[in-house]
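Take a look at the structure below.
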Amino acid sequence: MQTSFHMSLPCLKIKETKGFYANIGASSGRMTQNWVDINLFGHQITFIKAGKFNFTNPNYVFEGKILPSFHFGIILDFKTWGTIYEKLKSQGLDVVTKATFLKDKVGEHTSFFVKDPNDYMLEFKSFKDLDDMFNIAP
């Protein structure tokens, strides 16, 4: 069974949020002046105009890299991942922590993070072997 996730997050400005996600290839769905549904590669994120959210534990360390503890993201094939990475870099967006994690181990993946207009960290991830997404190293 193929399933999709749904996440609802507060946002600052509906129009800017919708534009940011459209720029990375996500379409928008239902919307009002106070919320918008974003189709992020088949997954639904609802942004609700509610103001800035304060996160108290913003970072953690993984394999020597400082990563945002609160983030969400999408897992893509490497070609799509690379296309989006190059597009965001060419637009001068602050793309952070481009790295390969678990190199030569079960779960090897390459990731980068970018902030959306609401200061949420969005991770784009591509696994060397998609079957390793939930596998545990022996």
Item to check | Calculated on alpha-carbon atoms, Rg and Dmax of the chain in Å | outcome: 15.5, 50
Checklist entry - Could you give the length gained on full extension between T46 and F101, defined as 0.36 nm per residue of separation minus the Cα-Cα distance, in nm? => result 16.9 nm
Checklist entry - How about K52: which lysines have a C-alpha closer than 21 Å to its C-alpha, ignoring those fewer than 8 places off in the same chain? => result K13, K15, K18, K115
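Residues with beta-carbon under 13 Å from that of L122, excluding L122: net charge, scoring Lys, Arg +1 and Asp, Glu -1? Can you show the working numbers first?
Values: positive: K115, K125; negative: D94, D116, D119, E123.
Neighbourhood net charge equals -2.
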Item to check | Crossing angle, helix 14-23 versus the chain [Cα axis fit, 0-90 degrees, rounded to tens] | outcome: 40 degrees
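Do any trypsin sites (Lys or Arg not before Pro) in segment 71-135 lie in a loop, going by DSSP, with at most 14 other beta-carbon atoms within 10 Å of their beta carbon, and if so which? All intermediate terms of the calculation are to be shown ahead of the outcome.
Numbers: sites: K79, K87, K89, K98, K103, K105, K115, K125, K128; in loops: K103, K105, K128.
Sparse-neighbourhood loop trypsin sites (Lys or Arg not before Pro): K103, K105.
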Checklist outcome for this item: Between the Cα axis of helix 78-90 and the main Cα principal axis of the chain, the angle (0 to 90°, nearest 10) is 60 degrees
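Mind checking the full-extension length gain between D77 and K89? Use 0.36 nm per residue of separation minus the Cα-Cα distance, one decimal, nm. Kindly include the intermediate steps, with their values, before the conclusion.
Numbers: separation 12, 0.36 × 12 = 4.32 nm, distance 1.84 nm.
Fully extending the segment from D77 to K89 adds 2.5 nm.
Bear in mind these aren't lab numbers, they're just calculated from the coordinates by the rules spelled out. If you're wondering where the values come from, they're calculated on a predicted model, not measured in any experiment. Heads up, the Cβs are rebuilt from the backbone with ideal geometry, glycines too, and the neighbour counts pull from every protein chain shown.
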